Amino acid sequence: MSGRHPVSITTDHDAVIQSAIMQVFPQTRHRFCKWHIFKKCQEKLSHVFLKHPTFEADFHKCVNLTESIDEFESCWLSLVDRYDLRDHEWLQTVYSARRQWVPVYLRDTFFAEMSITQRSDSMNSYFDGYVNASTNLSQFFKLYEKALESRNEKEVKADFETMNTAPVLKTPSPMEKQASELYTKKIFMRFQEELVGTLTFTASKGDDDGEIITYQVAKFGEDHKAYYVKLNVLEMMATCSCQMFEFSGLLCRHVLAVFRVTNVLTLPSHYILKRWTRNAKSSVMLEERSSDVYTNYLESHTVRYNTLRHEAFKFVDGAKSSETYDIALDALKEAAKKVAHAPKNDGKTMVNGHVRGNLAGGASRIHYASGDHEGSSGQHLSEDDMDKKIRELTNELQCANRKCEVYRANLLSGPCFGPWMDLGCGFDSPEA
């Protein structure tokens, strides 16, 4: 986290974990995984599920579809009375913790999800197909690496699709075109859904105190179920009663409907979160580069690995012509040589192409410099760990080389590129 506490964190419903998070991250909003609670509900209330087939739908509706705290409270009381569950101990326990898992209590905090009511992914789904109840600890660590590689592979594929496919626009809106150029493919599709959704909504002007204007936004013929958007015209700041932007970092159709009727044609910059954009992983902001936060950021192996992978992937653009292909391939080969040579400099490390610094205490440890100055704080790794990481990075560069070779063959044989999945990068899979 680069030395900063997270804004929010999601865990299973567990008192011990809750206590630990309160001590370590006192300022972090802690949420219990809704999926985990629903799973437990099926176990603890199995007799109710069997006796009353409608209970599951009613329970989900109460939790997911209520729009306000008052509506949820009323719906919950009605639910427990209807199914005679007022005295059920487990249900009372999760109700007492409702502020940490029921969506209406959490929508004012950023959780990086596209919908307040969507089912949050559990850690279980992350390891689907990799681990099971019989997996021991030693196997788990190996399979964890495979799961991580699979997730990284999917991420690279998504990056490729974002960079190489143009989304289909559904409106003549300049805002939609702007979003298609800024957002990743997946986020743009979600934004597009909200933008198109504004066509079924009306926005009626209400209170106006000269600075803040309140709009009532509702679907045609559904004025009884309205949302309220407050717009500061001077600062172009809008807040909606649904709090979708606060929760997901993406503007809701209600705010977009107000923008439509007030002729706001493009997204204000403060509503474009960098994490949802195409260049989110391209670099760290320049003003952070001289700070301790940036140094700590570089010390993370995961960050370094993902950054190198992302940068190496850009070399695939070199296949668009024979001239740029040769340049890209030469650069990759030269980089691969330097990477392979780095740990063989008699206890010295390569910085910007130059050998620098002796290993403290002989050849047993390697010091990573965080900048161009001697004595920069860094991370000590054993020689075995360094060799492993060098092999990983070398494989990544070799994979990029193979991609370039295939793209060059496609370029010379015809105008159409083949699917990227057929490039044979040799990623491990659960079946391997």
FRET efficiency estimate (nearest 0.05) - Cβ-Cβ, Arg151 to Tyr228, R0 45 angstrom = 0.70
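If you stretched the chain out fully between Leu65 and Asn132, how much longer would it get, using 0.36 nm times the residue separation minus the C-alpha to C-alpha distance?
Details: separation 67, 0.36 × 67 = 24.12 nm, distance 3.30 nm.
Extending this stretch completely gives an extra 20.8 nm.
Starting from the Cα-Cα distance between Lys170 and Ile212, subtract it from 0.36 nm times their residue separation and give me the gain in nm to one decimal.
On the way: separation 42, 0.36 × 42 = 15.12 nm, distance 3.15 nm.
Gain on extension, Lys170 to Ile212, equals 12.0 nm.
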Calculate the length of the line joining the C-alpha centroid of region 79-94 to that of region 181-211, in whole Å.
-> 39 Å
Surpassing 24 Å at the alpha-carbon level, of the pairs Lys34/Lys219; Lys186/Lys388; Lys185/Lys274, are Lys34/Lys219; Lys186/Lys388
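Summing +1 for each Lys or Arg and -1 for each Asp or Glu, what net charge is found among the other residues whose Cβ lies under 15 Å from the Cβ of Glu176? Walk me through the intermediate numbers first.
Values: positive: Lys170, Lys177, Lys185, Arg190, Arg253, Arg260; negative: Glu181, Glu193, Glu194.
Surrounding charge for Glu176 is +3.
Full-extension gain between Thr54 and Thr200, please, as 0.36 nm times their residue separation minus the C-alpha to C-alpha distance.
Values: separation 146, 0.36 × 146 = 52.56 nm, distance 3.11 nm.
That works out to 49.4 nm of additional length.
Computed from the coordinates by the stated procedures, all read-outs in this text should not be read as laboratory data. What you see is a predicted model, and the numbers here were worked out from it, not measured in a lab. Here Cβ is always computed from backbone atoms with ideal geometry, including for glycine, and neighbour counts include all displayed protein chains.
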